[in-house]
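Accompanying notes for the structure given below.
What follows draws every value from the coordinates through simple rules; no lab data is involved. Worth saying up front: this structure is predicted, and the values here are computed from it rather than measured. Cβ placement follows ideal geometry from the backbone for every residue including glycine, while neighbour counts extend to all protein chains displayed.
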Amino acid sequence: MVYSVLVMLKLWNSLSRTREAFGPLEDNSVRMYCCGPTVYARAHIGNFRAYVVWDVLKRMLEHEGYSVTHCMNITDVGHLVGDSDEGEDKMLKAAREQGQTAWEIAKTFEKLYIDDAKKLGIILPEPPLLCRATDHITEQIKLIQLLEDKGYTYKITDGIYFDTSKFADYGKLSGQRLEEKQAGARVEANPEKHNPSDFALWKFSYPNGRDFDPNQDDESTRRQMEWESPWGLGFPGWHVECSAMSKKYLGQPFDIHCGGVDHIPVHHENEIAQSVAAYAVPLAEYWVHSEFLTVDSQKMSKSLNNFYTLDDCINRGIEPLALRYFYLGAHYRQKLNFTWEAAQASQSALNKLRELSRTWVNPTDEKNDINQGWNEKFFSELRDDLNTPAALGVMWEMVKSNIPTEQKSATLKEWDKVLGLNLDQYIAQTVAIPENVKQIASRRWEARNNKDWDTADALRMELENLGWSMEDSGTEYKLKPKIS
Ligand code: AMP
Ligand code: ZN
């Protein structure tokens, strides 16, 4: 096989629609913003594909010597059911269905998101860089005021809107001109809007920003998350938080903006419009968008009810890190179809990798023992727009090669800083078999040889409960720790 060695990280930039050599705006530091979860429900494994992709990107940037300031928002308010500004508030809907307050719903699912992300080996930013929309209402109001001062807004009965016809570059990211966007827009639900692509910056709780009125408003539909503003009582439109918080924590422009491909035509287009209109400089230099996880070729989504959570995987014997391995098996700009067979194959591959790496010896010097030839091949693939499937291919070639095992250990440890599969726990880690486990195994072997199957089965179960499995092969047996 012939490898070309890439020395610079190249990334596909959705904004220029080309693969560009990456260079940060300032020295060796990279400022990166990722659109985070909407915490009205548990994130599914489709959502987590995106978060794993961005985690690999962040780890790779760190490997390349950059110090990364990573900011991610938690959308805990005002995200409506449709991508437009119509429909019911997702948080309120979940609150009603689950008999909790909207605030409780947001808290519950934020915690679950953070727990699941950790299990998947995702290194999330710490607060304040992991930032909630509800903690930044003042910043969002200020941004809207600035847009108002500059003449980009107008008021209608249900809120303050951004006038997209006043922003010349509207549609640049998705490659659609305003007229095309308008022609393609679905039947417009809000006739007061000046252009179909206009979007809400501030939504009123009640018409024209008035307060709740028990004589005309139904108590059961009363908003639970609302704030005073110069325009009246309401809540921010869902694109505003990203513009306001990225500006606060990263400045503008920053280096890399990540999101899912579904964010290109609406959410990111609108973020750009707000931020550039407000501050007259670009929002971000590189736009990295990850493709969908699909089921039977359809996007995995809550609305199609074709989704699985991390717990569904765990309950079917697929570890979170095996799922991470599965994600890495596809390029982030390609759709990836989820099946239980494919997930199981990833679990088996990961188990095999762990078992093989257990048999190696520890490096004498972790840095010097890294095999430079293999190392270049591996990182060359990752520098090629994060080609993780090719990098995994190189990994297996290295693992099966005949270089000394201390080199394999050192090299794989280095690679795992980017892969994030937690292989340190396994590489060159032989496990001492506890005395009681040895005794139960020998009793089971005896029962088996005496064809006392009931006892043999019961003892096998005992071993399983202790976290060990017993593999029989004719005249001998092997004890293996079950991998957690
Ligand atoms: P949401 O909470 O709906 O805003 O989604 C969070 C992130 O998950 C967004 O970046 C979406 O693009 C992404 N996402 C949603 N569904 C999928 C999917 N089936 N596969 C990959 N990413 C997804
Ligand atoms: Zn965003």
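Those helices (runs of 4 or more DSSP H) of segment 366-473 in which 1 or more residues are closer than 30 Å to S290 by Cα, in contact with a Phe, Trp or Tyr (Cβ under 8 Å, 6 or more places away or on another chain) and not β-branched (V, I, T) occupy 372-383, 388-400, 405-419. Within segment 286-301, residues that are among the small types (G, A, S) sit with their Cβ atoms under 6 Å from residues that are outside any loop (DSSP other than H, G, I, E, B), at 6+ positions apart or across chains, in these pairs: S290/A50; S290/V53; S290/G260. Considering segment 435-451, the residues that are surrounded by 13 or more Cβ atoms within 10 Å (Cβ to Cβ) and in contact (Cβ under 8 Å) with a residue 12 or more places away in the chain include one that is nearest to A117 (Cα to Cα), namely V437. Could you list all residues from segment 118-148 that are in contact with a helix residue (DSSP H, G or I) (Cβ under 6 Å, 6 or more places away or on another chain), assigned to a helix (DSSP H, G or I), hydrophobic (A, V, I, L, M, F, W, C) and surrounded by 19 or more Cβ atoms within 10 Å (Cβ to Cβ)? Residues satisfying the conditions are A133, L143, L147. Considering each residue of segment 199-206 in turn, at least one proves to be buried (at least 16 other Cβ atoms within 10 Å of the Cβ) and assigned to a loop (DSSP other than H, G, I, E, B). Here H263 clears all of (1) within 16 Å of ligand 1 (Cβ to nearest atom); (2) surrounded by fewer than 23 Cβ atoms within 10 Å (Cβ to Cβ) except the condition numbered (2). The condition (being in contact with a strand residue (DSSP E or B) (Cβ under 7 Å, 6 or more places away or on another chain) and of a type outside the set (S, T, N, Q)) is satisfied by just one residue among D384, D416, D365, D369: D384. In segment 236-260, the qualifying residues are those that are over 30 Å from Q334 (Cβ atoms), surrounded by fewer than 24 Cβ atoms within 10 Å (Cβ to Cβ) and not hydroxyl-bearing (S, T, Y), and the one that is farthest from ligand 1 (Cβ to nearest atom) is G251.
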